[in-house]
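This report concerns only the one structure given below.
The values are calculated or read from the model by the stated rules, or taken from the named source; none is laboratory data. All values derive from a computational prediction rather than experimental measurement. Neighbour counts are summed over all protein chains in view; Cβ atoms, including those assigned to glycine, are modelled from backbone coordinates with ideal geometry.
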Amino acid sequence: MNLVWDGAPYNRSQIVQDAARELEINLQPLSAYSPDFMPVEHLWQWLREDVTYHTCYLSQVDLIQAVSHFQHHINLDPISLADRLLVKNHLDPDEEKLKKDTQGLYKKYRNNPKPGVGSWNGHIKTYEHQRRDLNKLLDDWKRSGCGDLDRIRDVIKQQIKQILEEAKYLVNKPAP
């Protein structure tokens, strides 16, 4: 039997590979997912950038109207729409080279901190911590009615200041 599935880590585990071999199942991995080949991914990104980023709609109706306006607007100029959503039929080899860890730095520093820099997992934990803080802040904002800025302005201002300070620190910190 042939089984086609994605390359998720649990699908690549040794125990799964051994069990498949024992059951005479031929595992066929799908090729890596690339949003570059999916024009709808670019459309969703465009919609988010133009309609939902940094915007809080007071009602579902307002959001639906904004999406409808976006749809109407992009359909007025089909040539620009096609240009913006042009489908790639190949990946840029120079760009793909940049995505590969040819020096094995990820494996080398994943768990072992480099003096003065930290480990990859340490960076990930810091990022996750900041993400949780930001999500909590956004949830608080949503619960507040998403319009009463006077009530939450000072809290948000302080939280954003802390997050920005941490982001500046991480941006300037050399990668492991």
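So, Ser80, is that one out of contact with any helix residue (DSSP H, G or I) (no Cβ under 9 Å at 6 or more places or on another chain), surrounded by 10 or more Cβ atoms within 10 Å (Cβ to Cβ) and either at pLDDT below 80 or under 28 Å from Trp46 (Cβ atoms) (or both) or not? In short, no.
Among the residues making up region 44-68, those that are in contact with a helix residue (DSSP H, G or I) (Cβ under 8 Å, 6 or more places away or on another chain) and assigned to a helix (DSSP H, G or I) are Trp46, Leu47, Asp50, Val51, Thr52, Leu63, Ala66, Val67. Pull out all pairs, ordered by first then second residue, where Cβ-Cβ is under 7 Å, the residues are six or more apart or on different chains, the first lies in region 112-141 and is over 25 Å from Cys56 (Cβ atoms), and the second is at pLDDT below 75 and of a type in the set (Gly, Ala, Ser). What qualifies is Asn112/Ser119; Pro113/Ser119; Pro113/Gly122. Of the residues making up region 1-47, those that are touching a Leu at 6+ places or on another chain (Cβ under 9 Å), within 30 Å of His69 (Cα to Cα) and modelled with pLDDT of 80 or more are His42, Leu43, Trp46. Out of Lys125, Lys100, Lys114, one residue alone is modelled with pLDDT under 75 and closer than 24 Å to Ala167 by Cα. It is Lys114.
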